Amino acid sequence: MKIYSPINWLAGVCLGLFCICSAQAQYDFNPSATGRTKEATDPRNRAKIHTELGSMYFQSGNPGVALDELRIALAADSGYFPAYSVRGLVHASLKEYGKAEDDFRRALDIAPNDPDVNNNYGWFLCETGKERQSIAYFLNALKSPLYETPDRAYTNAGTCAFKAGDLDGAQNYLLKALQLSRDGAMTARLQLAKVFYQRANFSEARIYLNDALKMMEPPSAEALWLGLRLERKLGNTAAEGGYASQLRGRYPTSPEYQEFLKGNFE
């Protein structure tokens with residue numbers, strides 16, 4: 001089971017990444033339904049169904065109900081490790097980091113080589129200030145020949161390597177994500193634009209940023225702020241002004257726009 005949440009703390013991977021992958025239910029999901037068709041009585045099947053429901057409620061912005069579903073899942077089968085992994089994501093989104101750590105550790109104790117658990121825990125570490133430690137978990141996820149979305153782990157590894165200041169590692173991981181991606185790799189392209197901007201390779205940064213923006217609707221504050229600073233470096237005042245106008249119009253309360261108002265362009 002793979003979870004990619006739209007919640008803000010996961011934005012580096014999921015907005016593209018997240019990022020953490022979404023669970024695929026094997027039946028039509030209707031949160032308002034009063035019953036489910038012949039819900040299985042087998043504990044493992046019950047745990048699977050309620051974990052899928054929990055992940056869906058989480059992705060739709062209802063963490064309280066998600067936690068209720070995951071509690072039911074683990075009551076049915078306390079050894080069902082995907083439920084711990086998803087619950088770790090929910091707790092992390094609520095800034096309950098101790099509980100999240102406990103859940104991820106429990107999932108890893110049961111399934112130390114599961115790629116999705118490793119990917120999820122790696123992203124949790126990255127988002128809580130342990131970027132360098134996170135890389136090992138993304139790489140462990142990539143060891144599995146059955147991992148269906150290795151491009152996401154490479155994107156996560158590249159994003160977190162960049163945050164850790166490892167530009168070479170970030171560039172290598174992100175380029176690998178592009179090679180493997182089946183969906184255009186918007187997040188990887190945006191992260192590569194940031195890497196090349198940091199390297200002062202502004203023409204290359206512009207190429208990747210423009211590619212990412214073509215896949216984004218609407219453009220994120222992060223992308224607009226990068227575009228603004230990039231065009232400023234290139235001396236293109238018209239394009240810089242266009243990005244500034246969009247940033248002001250779309251995200252007037254964003255941290256990026258506040259930096260713009262302060263004149264903090266680096």
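The values are calculated or read from the model by the stated rules, or taken from the named source; none is laboratory data. Here the structure is a predicted model, which means the values were calculated and not measured. Using ideal geometry, Cβ is built from the backbone for each residue, glycine included, and neighbour counts are taken over all protein chains shown.
Looking only at residues in segment 106-127 that are outside any loop (DSSP other than H, G, I, E, B) and among the acidic types (Asp, Glu), which one is farthest from Ala47 (Cα to Cα)? If you could, list the steps in order and put the result at the bottom.
Of the residues in segment 106-127, the ones outside any loop (DSSP other than H, G, I, E, B) are 106-110, 115-127.
Next, from what is left, pick out any that are among the acidic types (Asp, Glu): 109, 116, 127.
Details: Asp109: 18, Asp116: 17, Glu127: 28 Å.
Result: Glu127.
Residues to consider are Ala185, Ala193; find the one that is surrounded by 15 or more Cβ atoms within 10 Å (Cβ to Cβ) and at negative phi. Outline the logic, then answer.
Working: Ala185 fails: at negative phi.
Result: Ala193 is the single residue among Ala185, Ala193 that is surrounded by 15 or more Cβ atoms within 10 Å (Cβ to Cβ) and at negative phi.
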(Q) What are the pairs with Cβ atoms under 6 angstrom where one residue, in segment 238-259, is in contact (Cβ under 8 Å) with a residue 24 or more places away in the chain and the other, located anywhere, is aromatic (Phe, Trp, Tyr) and outside any helix (DSSP H, G or I)? Sequence gap at least six, or different chains. (A) Tyr257/Tyr251
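Return yes when Lys95 is at pLDDT 90 or above, among the charged types (D, E, K, R) and part of a loop (DSSP other than H, G, I, E, B) and no when it is not. I'd like the intermediate steps shown before the answer.
On the way: at pLDDT 90 or above: yes; among the charged types (D, E, K, R): yes; part of a loop (DSSP other than H, G, I, E, B): yes.
Answer is yes for this residue.
Among Leu228, Leu247, Leu224, Leu213, which is touching a Pro at 6+ places or on another chain (Cβ under 7 Å) and within 17 Å of Ala193 (Cβ to Cβ)?
Working: Leu228 fails: touching a Pro at 6+ places or on another chain (Cβ under 7 Å); Leu247 fails: touching a Pro at 6+ places or on another chain (Cβ under 7 Å); Leu224 fails: touching a Pro at 6+ places or on another chain (Cβ under 7 Å).
None of the other options fit; the residue is Leu213.
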Q) Within the set of pairs 6 or more residues apart or between chains, which connect a residue that is of a type in the set (Asp, Glu) inside segment 45-70 to a residue that is modelled with pLDDT of 95 or more with Cβ atoms less than 7 Å apart? A) Glu69/His50; Glu69/Leu53; Glu69/Gly54; Glu69/Tyr57
Q: Just name the residue that is nearest to the chain's Cα centre (by Cα) out of those in segment 245-266 that are surrounded by fewer than 19 Cβ atoms within 10 Å (Cβ to Cβ) and of a type in the set (A, V, I, L, M, F, W, C).
A: Phe265
Q: Being crowded, with 22+ Cβ neighbours inside 10 Å and either more than 13 Å from the chain's Cα centre (by Cα) or under 17 Å from Tyr80 (Cα atoms) (or both) is the filter here, so list the residues in segment 120-131 that pass it.
A: Asn120, Tyr121
Q: Answer with yes or no whether Leu226 is assigned to a helix (DSSP H, G or I), free of Cβ contacts under 8 Å to residues at least 40 places away in the same chain, within 25 Å of Gln258 (Cβ to Cβ) and of a type outside the set (D, E, K, R).
A: yes
Q: Name the one entry in Asp103, Asp168 that is of a type outside the set (A, V, I, L, M), without any contact (Cβ under 8 Å) to a residue 24 or more places away in the chain, surrounded by fewer than 19 Cβ atoms within 10 Å (Cβ to Cβ) and assigned to a helix (DSSP H, G or I).
A: Asp168
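Yes/no matrix, rows are residues, columns are (1) hydrophobic (A, V, I, L, M, F, W, C); (2) more than 29 Å from Arg132 (Cα to Cα):
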| site | (1), (2) |
| --- | --- |
| Lys163 | no, no |
| Leu192 | yes, no |
| Phe196 | yes, no |
| Glu204 | no, no |
| Gly227 | no, no |
| Ala239 | yes, yes |
Q) Looking at (1) among the hydrophobic types (A, V, I, L, M, F, W, C); (2) surrounded by fewer than 21 Cβ atoms within 10 Å (Cβ to Cβ); (3) more than 17 Å from the chain's Cα centre (by Cα); (4) under 28 Å from Leu261 (Cα atoms), can you tell me which one Leu146 breaks? A) (4)
Q) All but one of (1) touching a helix residue (DSSP H, G or I) at 6+ places or on another chain (Cβ under 7 Å); (2) farther than 21 Å from Glu259 by Cα; (3) at pLDDT 95 or above; (4) among the aliphatic types (A, V, I, L, M) hold for Ala193; which doesn't? A) (2)
